[in-house]
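In what follows, a single structure is set out as structure tokens and then discussed.
The values are calculated or read from the model by the stated rules, or taken from the named source; none is laboratory data. This is a predicted model, so every value here is computed, not measured. Because the Cβ atoms are built from the backbone with ideal geometry, glycine has one as well, and the counts that use them run over all protein chains shown.
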């Protein structure tokens, strides 16, 4: 049931420009999709504060036309307080993200690579920051299926050889 809800949610989130969105598969707690000239692996947290105006997620995206491959994007469950750090922890390893408002990213391509490598072998991932009200925000993810979903997205957007 959760997998069906997951798939339905992401298909319904498609904008008219991305109406050609296609599911590549559901892998554990992760899904892989392509559409609008991009591909991505994505998951919702299994534990997070109740949703307000948006739903939190973590995604790994590929945009061949922009020469972007393997870029981490975090949609936080709460808007972050200005000046607060966003920490991502994977099985004891910590990474600092940059962000503003409700979104966070790795600070550079090298950090993306390190985070994605940790996600491939990790079990759990936690994203933490402080909300605009000063409360601790902790979004928790399971990484089961992340590596396969990331691979499916990367393969779907790999450069075509002519």
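Any chance region 108-127 includes a residue that's outside any helix (DSSP H, G or I), touching a helix residue (DSSP H, G or I) at 6+ places or on another chain (Cβ under 7 Å) and more than 16 Å from residue 30 (Cα to Cα)? No. The set of residues from region 139-153 being assigned to a strand (DSSP E or B) and surrounded by fewer than 22 Cβ atoms within 10 Å (Cβ to Cβ) comprises 140, 142. Taken over region 31-60, the criterion of being under 18 Å from residue 104 (Cβ atoms) and outside any strand (DSSP E or B) is satisfied by 44, 45, 48, 49, 51, 52, 53, 54, 55, 56. One residue stands out among those in region 62-85 that are part of a strand (DSSP E or B) and over 19 Å from residue 122 (Cα atoms): the one that is farthest from the chain's Cα centre (by Cα), which is 80. For the condition surrounded by 14 or more Cβ atoms within 10 Å (Cβ to Cβ), under 14 Å from the mean Cα position of the chain (by Cα), part of a strand (DSSP E or B) and touching a residue at least 24 places away in the same chain (Cβ under 8 Å), residue 97 qualifies. Quickly run through region 83-92 and pick out the residues that are surrounded by fewer than 21 Cβ atoms within 10 Å (Cβ to Cβ) and either closer than 14 Å to residue 141 by Cβ or without any contact (Cβ under 8 Å) to a residue 12 or more places away in the chain (or both). Once the filter is applied, which keeps residues that are surrounded by fewer than 21 Cβ atoms within 10 Å (Cβ to Cβ) and either closer than 14 Å to residue 141 by Cβ or without any contact (Cβ under 8 Å) to a residue 12 or more places away in the chain (or both), region 83-92 yields 83, 87, 89, 91, 92. The numbered conditions (1) touching a strand residue (DSSP E or B) at 6+ places or on another chain (Cβ under 6 Å); (2) at pLDDT 95 or above are all true for residue 77 except (2). Count of region 114-136 residues, restricted to those that are out of contact with any strand residue (DSSP E or B) (no Cβ under 7 Å at 6 or more places or on another chain), closer than 18 Å to residue 62 by Cα and touching a residue at least 24 places away in the same chain (Cβ under 8 Å), is 1. Look through 48, 18, 32 and report the one residue that is within 27 Å of residue 129 (Cα to Cα), surrounded by 13 or more Cβ atoms within 10 Å (Cβ to Cβ) and modelled with pLDDT under 90. Matching residue, one of 48, 18, 32: 48. Against the list (1) over 12 Å from the mean Cα position of the chain (by Cα); (2) buried (at least 20 other Cβ atoms within 10 Å of the Cβ), the condition residue 136 fails is (2). On inspection, residue 104 fails the criterion of being part of a strand (DSSP E or B) and in contact with a helix residue (DSSP H, G or I) (Cβ under 7 Å, 6 or more places away or on another chain).
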